[in-house]
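Undergrad: Have a look at the structure that comes next, please.
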Amino acid sequence: MNIPAHAPLHLLHTAAVGTLATHARQPQGFPYPTVLPFAPDSRHRPTILVSRLAEHTHNLLADPRAGFLAVDAPNGDVLSSQRVTLLGIFEPVDPTPEVVDRYLRYHPDAERYLVLGDFTFWAMKIERLRYIGGFGSMGWLDGADLDPLAPLDFDEERALIEYFAQHSAATAKLQLLGVDRYGVDLKRDGERTRFIFDDAIGDTEALHAALEVCIQRHAN
């Protein structure tokens with residue numbers, strides 16, 4: 001196994017779209033792949049918003065085991081790019097204000113689906129994952145090894161987002177989507193990007209300092 005530190009975790013924050021493979025009900029047992037947007041939750045798990053009428057939703061209700069593939073291939077060369085295949089269980093998630101707020105930061109256009117009232121959130125409990133970062137950089141990990149640190153809670157993250165907004169007036173086109181102990185997810189001129197910290201950060205003061213560095217580097 002040869003995986004760069006935290007590479008699978010960062011990839012789940014870089015990709016905006018993934019491939020969900022559920023177990024088909026008819027014909028029974030066949031893989032049923034579909035492409036859909038997702039957002040990482042505070043534990044980096046893919047969170048999806050799906051219609052109750054969708055075939056993959058019916059499949060998950062019958063068998064929640066699934067695979068999920070995320071790829072970052074900006075130049076179109078998939079075989080030389082990063083990808084991660086997750087294996088685990090998808091579970092329904094209550095649409096609390098915290099869940100809705102986070103998902104809409106990553107996918108604001110999804111608000112029109114929430115208005116319909118037919119869409120539900122699901123999050124993946126990751127059991128195993130296989131990361132491929134190019135030739136000679138690949139391997140398996142247990143889901144618990146993706147991130148051993150306690151995640152930021154909603155109030156902590158919200159405070160950091162507000163701090164970022166107050167201190168980045170000079171970068172009006174820069175939006176902070178999410179914060180975790182390894183980096184921040186940004187959107188600039190409509191494009192998603194990931195600002196990776198030098199090291200994992202455990203305390204709030206250090207997170208504020210890391211955000212200041214992020215703002216300075218994106219000032220121009």
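Undergrad: Out of segment 194-220, which residues are touching a residue at least 24 places away in the same chain (Cβ under 8 Å) and more than 13 Å from residue 152 (Cβ to Cβ)?
TA: 194, 196, 212, 214, 215, 218, 219
Undergrad: Here is a follow-up. Sort through 53, 12, 36, 60 and tell me the only one that's without any contact (Cβ under 8 Å) to a residue 60 or more places away in the chain and aliphatic (A, V, I, L, M). Walk me through how you get there before you give the answer.
TA: On the way: 53 fails: without any contact (Cβ under 8 Å) to a residue 60 or more places away in the chain; 12 fails: without any contact (Cβ under 8 Å) to a residue 60 or more places away in the chain; 60 fails: without any contact (Cβ under 8 Å) to a residue 60 or more places away in the chain.
Result of the check over 53, 12, 36, 60: 36.
Undergrad: Being closer than 17 Å to residue 24 by Cβ, of a type in the set (D, E, K, R) and at pLDDT 95 or above narrows it down to one residue among 65, 105; which is it? Give the steps one after another, and end with the answer.
TA: Details: 105 fails: closer than 17 Å to residue 24 by Cβ.
The unique qualifying residue is 65.
Undergrad: Here is a follow-up. Would you check if residue 90 is without any contact (Cβ under 8 Å) to a residue 24 or more places away in the chain and not in a loop (DSSP other than H, G, I, E, B)?
TA: So residue 90 fails the test.
Undergrad: Restricting attention to segment 78-99, which residues are touching a strand residue (DSSP E or B) at 6+ places or on another chain (Cβ under 8 Å) and under 27 Å from residue 175 (Cβ atoms)?
TA: Narrowing segment 78-99 to residues touching a strand residue (DSSP E or B) at 6+ places or on another chain (Cβ under 8 Å): 78, 81-95, 99.
Within segment 78-99, 81, 82, 83, 84, 86, 93, 94, 95, 99 meet the criteria.
Undergrad: Additional query: Look at segment 138-159 and say how many of its residues are out of contact with any helix residue (DSSP H, G or I) (no Cβ under 6 Å at 6 or more places or on another chain) and not in a loop (DSSP other than H, G, I, E, B).
TA: Total meeting the criteria: 13.
Undergrad: Something else about it: Having 2 or more residues that are surrounded by fewer than 17 Cβ atoms within 10 Å (Cβ to Cβ), in the same structural domain as residue 114 (by TED's automatic domain parsing) and in contact with a helix residue (DSSP H, G or I) (Cβ under 9 Å, 6 or more places away or on another chain) is the bar; report the strands (runs of 3 or more DSSP E) wholly within segment 6-61 that clear it.
TA: 28-37
Undergrad: Name the one entry in 121, 164, 135 that is in a strand (DSSP E or B) and touching a residue at least 12 places away in the same chain (Cβ under 8 Å).
TA: Residue meeting the stated conditions: 121.
Undergrad: Report, by residue number, each residue of segment 101-116 that is surrounded by 13 or more Cβ atoms within 10 Å (Cβ to Cβ) and in a helix (DSSP H, G or I).
TA: 101, 102, 103, 104, 105, 106, 110, 113, 114
The values are calculated or read from the model by the stated rules, or taken from the named source; none is laboratory data. Source: prediction; values computed, not measured. Virtual Cβ from ideal backbone geometry, glycine too; neighbours counted across all protein chains shown.
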